[in-house]
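The values are calculated or read from the model by the stated rules, or taken from the named source; none is laboratory data. Because the structure is predicted, anything quoted here is derived from the model rather than measured. Here the Cβ positions follow ideal geometry from the backbone for every residue, glycine too, while neighbour counts run over all protein chains shown. Only protein heavy atoms, including side chains, enter the accessible area calculation; ligands, DNA and RNA are left aside. Shrake-Rupley method; radii C 1.70, N 1.55, O 1.52, S 1.80 Å.
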Amino acid sequence: MENKINIGVIGYGYWGPNLVRNFIESSRAKVSMVSDFKTELLLKAKTRYPAIEVTTDCQDIFTNPNIDAIAIATPVSTHFDLALAALKAGKHVLVEKPMTVTTEQALRLIEEAEKRNLVLMVDHTFVYTGAVQKMRELVVSKELGDIYYYDSVRVNLGLFQHDVNVLWDLAVHDLSIMNYVLQEQPYAVSATGISHVPGEPENIAYLTLFFNNNLIAHINANWLAPVKVRRTLIGGSKKMILFDDLEPSEKIKVYDKGITLNGNRNTNTENIYQMLIGYRAGDMWAPKLEMNEALRTEAIHFIECIEQGKRPITDGHAGLHIVKILEAATHSMQQQGQLVKLNLAEVAV
């Protein structure tokens, strides 16, 4: 019988149980140990999975010689120390998003993983959804033509975070999707935001990203909205996409709509706009999507990367890319929207 990848999970709060379930349900992995400092959470894990060993001390996972890989599902402020300790212990690492709180920390983890020839993967779950995979396919195949803009709204009422602002909590999803789908690197960002709870991080933020080739992106993130919205528009020269993650079935709709530029620029000024811009309105279609659970796909990908020595789709460099943007956005927000230049050359994929 083929040997299974033996996994330890640190953190059994919100996301940890999902990681444990998906690894256990994979035929190629085994979860042997779960760590959390809250004993009531460990009791839940032990009740549901009696064969799993539980501990309040994550050092037990680091020092366990039978564990091949560690999944980290803890607050972002703890990611660096836990991931570095795991890598130094010779374990492959899957770490929740965002990868770290600084670019220096992210670079250090990448360096350690590469030095030890270990897999370092970031849990950018949306990248593994059928909808996002399809959007990337449509962009890469030039079905949409040249990409003009990426516009995303991710808002809801709560959950307010105390250690990170709304961009680090919500916009990180859109940035990971955008990075994977567009395959373009922004050269600058501008962000504005505000906090309505004294002493707490910004709960509303607007992030604009500037790219070459007349491409622009905008993300609206908000913990103080009366409704939950998860909607993205991608506009191209040929076609446009509406991605609504809350739609139960037709999450993606592709519209054959846009503008056409016609006419002679020497036309008299009265008619120049009429002559240059025409509008095209064609059919809409909803492509069939893979409906597998994204985290299941991601868990299998992590296992395959360990088994085959492959580079993960959402590897440390992808995680570093997002952290760099979030760091720059936070700096811009502190300066009330000041443009912050980015240098993402070393993390290009």
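Can you pull out every residue in region 86-102 that is in a helix (DSSP H, G or I) and surrounded by fewer than 18 Cβ atoms within 10 Å (Cβ to Cβ)? Steps first, answer last, please.
Just the residues of region 86-102 that are in a helix (DSSP H, G or I), to begin with: 86-88.
The answer is Lys88, and nothing else.
If Asn22 satisfies all but one of (1) part of a helix (DSSP H, G or I); (2) buried (at least 16 other Cβ atoms within 10 Å of the Cβ); (3) out of contact with any helix residue (DSSP H, G or I) (no Cβ under 7 Å at 6 or more places or on another chain), what's the number of the condition it fails?
(3) is the only condition that Asn22 fails.
Scan region 288-317 residue by residue and report those that are assigned to a helix (DSSP H, G or I) and open to solvent by 10 Å² or more (accessible area, probe 1.4 Å). Walk me through it before giving the result.
Quick first cut of region 288-317, residues assigned to a helix (DSSP H, G or I) only: 294-308, 316-317.
Matches in region 288-317: Ala294, Arg296, Thr297, Ile300, His301, Glu304, Ile306, Glu307, Gln308, His317.
Give the residues of region 129-153 that are open to solvent by less than 10 Å² (accessible area, probe 1.4 Å) and closer than 17 Å to His173 by Cα, sorted by residue number.
Passing the criteria: Ala131, Val132, Met135, Tyr150, Ser152.
Examine region 323-338 for a residue that is modelled with pLDDT of 90 or more, within 21 Å of His92 (Cα to Cα) and within 19 Å of the chain's Cα centre (by Cα), and state whether such a residue exists. Please lay out each step first, then the result.
Filtering region 323-338 for residues modelled with pLDDT of 90 or more gives 323-338.
If we keep only those that are within 21 Å of His92 (Cα to Cα) too, we end up with 323.
Now drop any that are not within 19 Å of the chain's Cα centre (by Cα), which leaves 323.
Yes, because at least one residue in region 323-338 is modelled with pLDDT of 90 or more, within 21 Å of His92 (Cα to Cα) and within 19 Å of the chain's Cα centre (by Cα).
Which ones in region 103-117 are open to solvent by 30 Å² or more (accessible area, probe 1.4 Å) and of a type in the set (A, V, I, L, M)? Give the steps one after another, and end with the answer.
Taking region 103-117 as the starting set, the residues that turn out to be open to solvent by 30 Å² or more (accessible area, probe 1.4 Å) are 104-105, 107-108, 111, 114-117.
Hit for region 103-117 is Leu107, nothing else.
Picking from Ile61, Ile70, which residue would you name as being part of a strand (DSSP E or B), buried (at least 23 other Cβ atoms within 10 Å of the Cβ) and in contact with a Gly (Cβ under 7 Å, 6 or more places away or on another chain)? So that I can check it myself, show each step before the final result.
Details: Ile61 fails: part of a strand (DSSP E or B).
Answer to the selection: Ile70.
Do we have any residue at all in region 32-46 that's within 22 Å of Ile306 (Cβ to Cβ), open to solvent by 10 Å² or more (accessible area, probe 1.4 Å), in contact (Cβ under 8 Å) with a residue 24 or more places away in the chain and not aromatic (Phe, Trp, Tyr)?
From region 32-46, those within 22 Å of Ile306 (Cβ to Cβ) are 32-35; that's our starting set.
If we keep only those that are open to solvent by 10 Å² or more (accessible area, probe 1.4 Å) as well, we get 32.
Of the ones still in play, those that are also in contact (Cβ under 8 Å) with a residue 24 or more places away in the chain are 32.
In the following step, the residues that additionally are not aromatic (Phe, Trp, Tyr) were identified as 32.
Yes, there is a match, as at least one residue in region 32-46 is within 22 Å of Ile306 (Cβ to Cβ), open to solvent by 10 Å² or more (accessible area, probe 1.4 Å), in contact (Cβ under 8 Å) with a residue 24 or more places away in the chain and not aromatic (Phe, Trp, Tyr).
Would you mention how many residues in region 207-260 are touching a Gly at 6+ places or on another chain (Cβ under 7 Å) and either β-branched (Val, Ile, Thr) or over 25 Å from Tyr279 (Cα atoms) (or both)?
So the answer is 3.
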